[in-house]
1. Determine whether Lys269 is at negative phi and free of Cβ contacts under 8 Å to residues at least 12 places away in the same chain.
2. Give the stretch 222-240 a look and list any residue that's of a type in the set (A, V, I, L, M, F, W, C) and either assigned to a loop (DSSP other than H, G, I, E, B) or surrounded by fewer than 21 Cβ atoms within 10 Å (Cβ to Cβ) (or both), or say none.
3. Scan the stretch 42-55 for residues that are crowded, with 16+ Cβ neighbours inside 10 Å and not in a loop (DSSP other than H, G, I, E, B) and report the count.
4. Return the pairs, sorted by first residue and then second, in which the second residue is of a type in the set (Gly, Ala, Ser) and not in a loop (DSSP other than H, G, I, E, B), the first residue lies in the stretch 247-258 and is more than 18 Å from Leu173 (Cα to Cα) and in contact (Cβ under 8 Å) with a residue 24 or more places away in the chain, the beta carbons are less than 8 Å apart, and the residues are 6+ apart or on different chains.
5. Kindly indicate which of Val271, Val289, Val296, Val325 is touching a strand residue (DSSP E or B) at 6+ places or on another chain (Cβ under 8 Å), surrounded by 13 or more Cβ atoms within 10 Å (Cβ to Cβ) and β-branched (Val, Ile, Thr).
6. Looking at the stretch 56-94, which of the residues that are over 26 Å from the mean Cα position of the chain (by Cα) and part of a helix (DSSP H, G or I) is farthest from Ala329 (Cα to Cα)?
7. Pairs please, first residue from the stretch 76-96 and among the hydrophobic types (A, V, I, L, M, F, W, C), second anywhere and in a helix (DSSP H, G or I), Cβ atoms under 6 Å, 6+ apart in sequence or on different chains.
8. Can you tell me which residues in the stretch 229-246 are of a type in the set (D, E, K, R) and either farther than 22 Å from Lys307 by Cβ or without any contact (Cβ under 8 Å) to a residue 60 or more places away in the chain (or both)?
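The values are calculated or read from the model by the stated rules, or taken from the named source; none is laboratory data. Please read these numbers as outputs of a predicted model, since none were measured by experiment. Virtual Cβ from ideal backbone geometry, glycine too; neighbours counted across all protein chains shown.
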Amino acid sequence: MIKAGIIGATGYAGGELVRILLGHKNAEIKWYGSKSYIDQKYADVYRNMFQLVEDACLADHLEELSKQVDVIFTATPQGYLASILTEEILGRVKMIDLSADYRIKDVSVYEKWYGIEHKSPQFIDEAVYGLCEINRDKVKKARLVANPGCYTTCSILTAYPLVKEGLIDPDTLIIDAKSGTSGAGRGAKVPNLFCEVNENIKAYGVASHRHTPEIEEQLGYAAGREIKVNFTPHLVPMNRGILVTEYASLKKIEKKDGSFAYPSYEEVKAVYDNYYGKEKFVRVLEKDVCPETKWVEGSNYTDVNFKIDERTGRIILMGALDNLVKGAAGQAVQNMNLLFGERESEGLELVPMFP
């Protein structure tokens with residue numbers, strides 16, 4: 001039985017971790033960390049946990065708490081784990097961090113985009129970027145997993161096969177992304193009030209959103225060089241979900257007769273099927289079916305598809321996932337399963353909820 005602890009257990013991602021781990025056959029939650037609700041019963045914070053969780057929330061004393069568990073999830077703001085992580089802690093427990101503290105390999109890039117000093121850059125190199133479908137083998141050997149963000153997971157998985165196979169020019173990639181309000185966290189903020197969000201949609205972080213370098217870095221590994229993309233997120237009035245629509249110029253490929261032409265639907269589909277055909281949690285949809293957030297809600301699935309625009313020589317890529325599951329807690333549990341040799345889908349075979 002895997003003994004797990006959660007710091008930030010009363011945030012949205014933390015609450016989702018609790019929900020998923022309670023249904024995991026081979027894991028148990030030993031403690032619930034939340035400095036906002038110290039000594040309050042967890043079920044008083046989240047009433048859906050009444051008679052399911054009897055524990056009270058604990059202060060986040062990581063040094064002491066790490067002695068009680070095998071793995072710790074930190075569903076915390078940027079800078080938290082980096083400020084307290086030590087070699088002694090990493091020597092005794094696996095860490096899965098849901099913040100961006102160890103996702104970006106260049107500490108100067110992290111500090112520029114997040115506006116804070118990184119307190120433990122010595123651990124950045126060994127941290128594994130926990131996008132399981134791409135870094136599965138590396139995750140299995142890790143002590144520290146940098147769990148990807150929701151926007152980045154959807155954006156990367158949607159484009160990765162075509163970037164890796166050189167079917168698109170990644171420097172032409174434009175990512176239009178939309179998120180439900182839970183992506184902004186549970187803290188009280190005026191822009192997230194009901195009257196501010198309802199009956200409205202808005203772009204934010206235009207040309208400056210901090211997930212941009214994370215997307216560029218990971219897709220840059222696929223391309224084999226540095227790339228730059230345009231990434232624009234939008235807030236939409238729904239609880240959960242990420243939808244990305246990505247646009248890129250196709251590259252001409254050599255055909256059997258020696259001529260060069262843009263790839264056909266069948267050729268692009270074959271690439272997606274080659275990468276994701278055996279993946280449990282990435283579903284390549286049938287022709288002309290567009291991903292929708294309502295068909296992945298509450299699940300660990302990512303739905304992807306594409307449409308070739310022959311008129312412009314461009315391709316439109318589409319992806320959808322639940323930002324709290326595959327975009328956060330579900331992916332973290334998927335990483336935990338890899339770390340401890342569990343079946344990768346254990347606890348995650350969640351049927352999408354509808355309506």
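1. On the way: at negative phi: yes; free of Cβ contacts under 8 Å to residues at least 12 places away in the same chain: no.
Judged against the criteria, Lys269 is not a match.
2. Ala222, Ala223, Ile227, Val229, Val236, Met238
3. Total meeting the criteria: 4.
4. Listed by first residue and then by second, the contacts come to Ile253/Ala261.
5. Working: Val271 fails: touching a strand residue (DSSP E or B) at 6+ places or on another chain (Cβ under 8 Å); Val289 fails: surrounded by 13 or more Cβ atoms within 10 Å (Cβ to Cβ); Val325 fails: touching a strand residue (DSSP E or B) at 6+ places or on another chain (Cβ under 8 Å).
Checking each option against the conditions leaves just Val296.
6. Glu88
7. As it stands, the answer is Ile84/Leu62; Ile89/Ser66; Val93/Ser66; Ile96/Ala332; Ile96/Asn335, since those pairs meet every condition given.
8. Restricting attention to the stretch 229-246, the residues satisfying the condition of being of a type in the set (D, E, K, R) are 240, 246.
Of everything in the stretch 229-246, just one residue is of a type in the set (D, E, K, R) and either farther than 22 Å from Lys307 by Cβ or without any contact (Cβ under 8 Å) to a residue 60 or more places away in the chain (or both), namely Arg240.
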